[in-house]
1. Quick check on my filter: what residues within the stretch 156-165 are open to solvent by less than 70 Å² (accessible area, probe 1.4 Å) and within 22 Å of P113 (Cβ to Cβ)?
2. Can you report the number of residues in the stretch 2-35 which are of a type in the set (V, I, T), open to solvent by 90 Å² or more (accessible area, probe 1.4 Å) and modelled with pLDDT of 85 or more?
3. Quick check on the stretch 118-138: of everything there that is modelled with pLDDT of 85 or more and within 30 Å of L74 (Cβ to Cβ), which residue is most open to solvent (accessible area, probe 1.4 Å)?
4. Given (1) without any contact (Cβ under 8 Å) to a residue 60 or more places away in the chain; (2) closer than 29 Å to S47 by Cα; (3) surrounded by 12 or more Cβ atoms within 10 Å (Cβ to Cβ), where does K141 come up short, assuming only one miss?
5. If you take the residues in the stretch 83-99 that are assigned to a strand (DSSP E or B) and surrounded by 19 or more Cβ atoms within 10 Å (Cβ to Cβ), which one is modelled with the highest pLDDT?
6. Quick one: is A60 within 30 Å of A44 (Cα to Cα), open to solvent by less than 60 Å² (accessible area, probe 1.4 Å) and touching a strand residue (DSSP E or B) at 6+ places or on another chain (Cβ under 7 Å)?
7. Filter the stretch 145-155 for residues that are aliphatic (A, V, I, L, M) and surrounded by 10 or more Cβ atoms within 10 Å (Cβ to Cβ); which is nearest to A134 (Cα to Cα)?
8. Could you figure out which of (1) within 25 Å of L169 (Cβ to Cβ); (2) touching a Leu at 6+ places or on another chain (Cβ under 9 Å) isn't true of V106?
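The values are calculated or read from the model by the stated rules, or taken from the named source; none is laboratory data. These numbers were taken from a predicted model, which means no experiment stands behind them. Positions of Cβ are backbone-derived with ideal geometry, glycine not excepted, and every protein chain shown enters the neighbour counts. Only protein heavy atoms, including side chains, enter the accessible area calculation; ligands, DNA and RNA are left aside. Shrake-Rupley method; radii C 1.70, N 1.55, O 1.52, S 1.80 Å.
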Amino acid sequence: ANDTLLWTSDAANGGNGPVTLTFPTAVYGAGAVIQADAPGQFTAQVSAYNGKTLLGTVSAKSDAKGDPLYIGVLDQMGPNVTSVAFNLTSCTDLAGVCNNFALDTVSFKSQAPAVSLTPPSLTFSSQLLNSTSAAKPVTLKNSGTTTLTISNIATSGDFGQTNTCSTSLNA
């Protein structure tokens, strides 16, 4: 009830896509639940574009039964995705042919974390060689609308650092 599927079907040409979704404003990423029309394992692919420039392609393989799977792309550099194309690259149904597939629960990410540091920079006084100065705290804030994923915190130059950050920071 209240669910809509987007089907691609073209038995004469295989019907395996692509189905292209174009966004009026660039987004960070998009994905969908995809399902082949027949039982058996399938491989789905999604490609992200900025205009006609391919930003990247991701493939995923379903389980052996061919249950639906979610596949998507995310551009962590910014809202650069203007369209995505979904298709099937292989199928192992009874006839060995992918005739059609469905997209369900299409989603896209139009918002992102907004990161700031307080203070935005640090100044250290002169220090004797091979000695350690007093620590200076910096606060990381996410004032965006989505969770920030933290994969690494590092310093540059002859500085060390310690932190109490977790691997994510809620908005």
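1. Answer for the stretch 156-165, where residues must be open to solvent by less than 70 Å² (accessible area, probe 1.4 Å) and within 22 Å of P113 (Cβ to Cβ): just C165.
2. The total comes to 2.
3. Looking at residues that are modelled with pLDDT of 85 or more and within 30 Å of L74 (Cβ to Cβ), I get T118.
4. Tallying (1) without any contact (Cβ under 8 Å) to a residue 60 or more places away in the chain; (2) closer than 29 Å to S47 by Cα; (3) surrounded by 12 or more Cβ atoms within 10 Å (Cβ to Cβ), K141 fails exactly one: (2).
5. My answer is V84.
6. When the stated conditions are applied, A60 passes them.
7. Checked the stretch 145-155; the qualifying residue nearest to A134 (Cα to Cα) is I153.
8. If we test V106 against (1) within 25 Å of L169 (Cβ to Cβ); (2) touching a Leu at 6+ places or on another chain (Cβ under 9 Å), just (1) comes out false.
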